[in-house]
Amino acid sequence: GAVVSQHPSWVICKSGTSVKIECRSLDFQATTMFWYRQFPKQSLMLMATSNEGSKATYEQGVEKDKFLINHASLTLSTLTVTSAHPEDSSFYICSARDSAQRGSRYQPQHFGDGTRLSIL
Amino acid sequence: GIQVEQSPPDLILQEGANSTLRCNFSDSVNNLQWFHQNPWGQLINLFYIPSGTKQNGRLSATTVATERYSLLYISSSQTTDSGVYFCAVGLEAGTALIFGKGTTLSVSS
């Protein structure tokens with residue numbers, strides 16, 4: 001089955017540092033990937049859409065200069081939290097759809113296992 | 001934007017009981033998925049079900065797209081079923097999913 005790998009799974013760092021999170025589709029290609037954020041005891045909220053070879057699109061209220069997204073290949077998207085502060089502590093999770101399934105009747109989103117980010 | 005409402009928000013069951021979780025959505029969708037989020041945060045995909053009925057072991061799901069709702073049935077619940085169940089919908093295939101607030105299920109032995 002389609003697998004999305006996310007790395008790292010857990011990161012703790014000091015306030016002011018930048019943290020990069022990787023999202024890889026292991027056995028399929030994805031022209032589009034999505035990044036979500038989940039605060040404790042809340043639902044998942046879409047942050048941005050990552051498009052291979054072009055700029056990401058951000059949801060309202062998400063700072064594009066704070067959350068840098070790069071989608072340089074058909075299997076990798078990265079989210080960099082720049083100058084992270086304690087309020088950026090959250091659970092970040094990515095998803096992707098197999099581009100080969102476009103037009104088919106079966107087009108689920110596949111999710112990574114998430115990254116728990118703690119900023120001290 | 002599209003609204004996704006899940007009910008009940010919390011559910012407490014004894015092991016062996018059956019339950020039904022509901023998801024209402026406010027617009028036509030081309031993607032609907034049910035997930036179980038375990039205590040480690042992993043989202044386990046249960047069903048991809050934009051319409052129709054599917055079954056997988058003790059779980060089954062039905063989506064009535066024309067009436068804009070989906071149901072997740074859990075039979076003979078086990079303690080390992082505990083966690084948060086999310087319904088998520090996409091307006092178009094391949095687009096981002098919009099999540100409901102989830103149903104927190106607690107199954108005790």
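Shown for chain A is the translational diffusion coefficient from the Stokes-Einstein equation, using the Kirkwood radius over Cα pairs, a temperature of 20 °C and a viscosity of 1.002 mPa s: 149 µm²/s. Here the relative contact order of the stretch A:29-106, from alpha carbon pairs under 8 Å that lie six or more residues apart, stands at 36 percent. Of the trypsin sites (Lys or Arg not before Pro) found in the stretch A:68-120, the ones in coil according to DSSP and having at most 15 other Cβ atoms within 10 Å of their Cβ are A:Arg102, A:Arg105. The magnitude of the dipole of the protein assembly as shown, with charges of +1 and -1 set on the Cβ of Lys/Arg and Asp/Glu and taken from the Cα centre, is near 140 debye.
Here the simple spin-label model places points 7 Å from the Cα toward Cβ, and for B:Thr53 and A:Ser18 these points are separated by 5.4 nm.
Count Lys and Arg as plus one, Asp and Glu as minus one, and take only other residues whose Cβ is under 10 Å from that of B:Gly102; the net charge is then +1. Only Lys, Arg, Asp and Glu carry charge here, each on its Cβ (+1 for the first two, -1 for the last two); on that basis the stretch A:1-98 has a dipole of about 140 debye about its Cα centre. Please compare each pair in A:Lys20/A:Lys66; A:Lys41/B:Lys101; A:Lys20/A:Lys64; A:Lys41/B:Lys54 to a cut-off of 21 Å on the Cα-Cα distance and tell me which ones are over it. Pairs exceeding 21 Å: A:Lys41/B:Lys54. Percent relative contact order of chain B, based on C-alpha pairs within less than 8 angstrom and at least six residues apart? Computed over chain B, the figure is 37 percent. For chain B, modelled as a GNM whose springs connect Cα atoms under 10 angstrom apart, the maximal fluctuation among B:Gly16, B:Gly57, B:Gly83 occurs at B:Gly57.
Counting other Cβ atoms within 10 Å as a rough exposure proxy, the listed residues B:Ser108, B:Ser7, B:Ser70 run B:Ser108, B:Ser7, B:Ser70 from fewest neighbours to most. For a 4.7 Å threshold on C-beta separation, the list of partnerless cysteines in chain A reads A:Cys13.
Taken together, the values in this text are just the output of simple stated rules run on the coordinates, not laboratory data. Given the structure is predicted, the values throughout are model-derived calculations rather than measurements. With ideal geometry, Cβ positions are generated from the backbone for all residues, glycine too; neighbour counts draw on all protein chains shown.
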